[in-house]
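Here's the structure, in structure tokens; my notes come after.
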Amino acid sequence: MRLATPTLEQSRAVLSASSSLLDAIPTTDVTPGDVRKMMLYLRKARDKATAIRDRSPGGSYMEGVLTRTIDGITLELSQLEYLLAQKPVDASATGSSSRRMRPAI
């Protein structure tokens with residue numbers, strides 16, 4: 001059994017095909033206002049999923065699916081907040097102190 005080694009022409013063809021695919025990907029112009037609207041939609045969807053999960057029987061399949069969905073939405077919200085360079089939602093609730101470090105002894 002012998003492994004096939006690609007020739008130089010074959011590797012050039014593959015590289016040119018992949019670069020043309022990357023050039024063909026359309027870009028989308030998104031404004032910060034659009035991102036905020038999406039965040040509002042995601043927060044409402046997360047709140048609805050939380051309300052439905054709270055009414056579902058404990059340990060059910062639906063509860064597990066909703067928990068994973070809520071976790072995914074929360075992750076997406078934190079990524080969008082990072083893109084907008086805002087403080088995370090939970091950072092203001094914890095009440096972090098204004099000084100950076102404890103004074104050295």
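The values are calculated or read from the model by the stated rules, or taken from the named source; none is laboratory data. What you see is a predicted model, and the numbers here were worked out from it, not measured in a lab. Methodologically, a virtual Cβ is constructed for each residue, glycine included, from the backbone with ideal geometry; neighbour enumeration extends over all protein chains shown. The accessibility values were calculated without ligands, DNA or RNA, using every heavy atom of the protein model including side chains. Shrake-Rupley method; radii C 1.70, N 1.55, O 1.52, S 1.80 Å.
If I ask for residues that are open to solvent by less than 100 Å² (accessible area, probe 1.4 Å) and not basic (Lys, Arg), which ones from segment 26-48 would you list? 30, 31, 32, 33, 34, 35, 38, 39, 40, 42, 45, 47, listed by residue number. Pairs meeting the criteria (first residue in segment 44-62 and over 15 Å from residue 74 (Cα atoms), second residue open to solvent by 80 Å² or more (accessible area, probe 1.4 Å) and not in a loop (DSSP other than H, G, I, E, B), beta carbons under 6 Å, at least 6 apart or on different chains) are 56/62. Residues in segment 49-68 that are assigned to a helix (DSSP H, G or I) and either surrounded by 12 or more Cβ atoms within 10 Å (Cβ to Cβ) or modelled with pLDDT under 90 (or both): 49, 50, 52, 53, 62, 63, 64, 65, 66, 67.
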